[in-house]
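The numbers here are math on the coordinates, done by the rules we state, and not lab data. Please read all numbers here as calculations on a predicted model, not as lab measurements. Neighbour counts run over all protein chains shown; Cβ positions are idealised from the backbone, glycine included.
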Amino acid sequence: MIEAQGLTKRYGAKTAVDGISFTARPGLVTGFLGPNGAGKSTTMRMIVGLDRPTAGAVTVNGKPYADHHSPLNEVGVLLDAKAVHTGRSALNHLLAIGATHGIGRKRVDEVIALTGLESVARKRVGGFSLGMGQRLGIATALLGDPATLILDEPVNGLDPEGVIWVRNLARFLAGEGRTVFLSSHLMSEMAQTADHIIVLGRGKVIADSPVADIIALSTGTAVRVRTPDAARFAELIATHGGSAKSTEHDLLVVNGMAAPQLGELASTSGVVLHELTPAVGSLEDAYLSLTQDDVEYHAGGMAAASASPTPSAAPAPASAAAAAPTTNGALR
Ligand SMILES: Nc1ncnc2c1ncn2[C@@H]1O[C@H](COP(=O)(O)OP(=O)(O)OP(=O)(O)O)[C@@H](O)[C@H]1O
């Protein structure tokens, strides 16, 4: 469990984290999202005592990080996968860290198997790809079998198979009752991994809700309408308080009118419908809509794109059942 109360960090005149309060609970994957510079890394660093809060407080499993006698057994952390002794093998890296907490070879071998590092365990870490480095960082976080995991951008640099592996691992660990707190820039990835989302914008919490609620609250409800009479139906919609955008010759995306109203209008006007689908916004839509005023560094067109959410497939529900340990203990 991670509990932050009024957590604040100022660097001179710059307020990186501005009085945030949130809880990341056991048994859930909590996604930590926000544009570049929103304050995610600073928050994570404060959680594990690497930065001192200017004001407020944060506890992990009920205590400030520094008060834990055996922190590796309480909190597993991946903040910077490159922060390793590059001359050491992965095995020796894990043995060295384990030695600080009386963790021996058996557990080291377990986390090597769990993270799929067996074939490179005796190779120098300096020669590792970004993806292998991420796996080693996750292995290090898991070493003490902690109840809370904090992973900063864990899918950074991973190939699609690696991304799925992290997703299943996160779900599996939460399914075991652990608190899993992870940041990512990949919103679609978060939609499939997280149960709960906290969104930061300019150092403040701008959303703190279950994934489904964030999507429902932040995106407009659009309806996809397919009809051979698209132009006429678009005009009719406009006279009934809706607005229709045409993306293909026979497809309209309608805002401002619900599917039953559209069905009735079509029926009374003699318009043939081939499709009438209420569309659920994606987490990307929700995220862009939430953060459009809080982005420090705008990419061209980003804010404009966020102004009119387009419908897309509903995110797959996060499911702990998705992760299944393989015979060697690794996860698929
Ligand atoms: N040591 C520091 N000194 C001064 N300003 C800092 C320092 N560390 C972070 N900041 C500023 O604080 C703000 C939050 O930074 P932080 O790295 O926490 O954001 P972030 O959400 O993790 O961003 P990113 O996704 O780019 O990693 C940024 O404006 C950053 O420039």
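Odds and ends about this structure:
- Rg followed by Dmax, in Å, when segment 220-279 is reduced to its Cα trace: 9.6, 27
- Counting only Cβ charges, +1 for Lys and Arg and -1 for Asp and Glu, the dipole size of segment 152-201 around its Cα centre is about 160 debye.
- Electrostatic dipole magnitude of segment 2-206 [Cβ: Lys, Arg +1; Asp, Glu -1; Cα centre; debye, to 20]: 480 debye
- Computed E for E161/V272 - FRET, C-beta separation, R0 51 angstrom, nearest 0.05: 0.65
- Compared with the direct C-alpha span, the chain from S89 to K63 gains 6.0 nm at full extension, assuming 0.36 nm per residue.
- Using a Förster distance of 41 Å, the FRET efficiency for H101-H185 (Cβ separation, nearest 0.05): 0.80
- Rounded to the nearest 20 debye, dipole of segment 158-246 from Cβ charges on Lys, Arg, Asp, Glu: 240 debye
- S70 paired with M1, simple spin-label distance in nm, labels 7 Å along Cα-to-beta-carbon: 2.1 nm
- R226 paired with R124, simple spin-label distance in nm, labels 7 Å along Cα-to-beta-carbon: 5.8 nm
- Of the residues G127, A174, P64, the one whose Cα sits farthest toward the positive end of the charge dipole of segment 42-187, with +1 on the Cβ of Lys and Arg and -1 on the Cβ of Asp and Glu, is G127.
- Lysines with Cα under 30 Å of K204, excluding same-chain neighbours fewer than 8 positions away: K9, K14, K40, K63, K82
- Length gained when the stretch D109-A13 is fully extended (0.36 nm per residue, less Cα-Cα span): 29.9 nm
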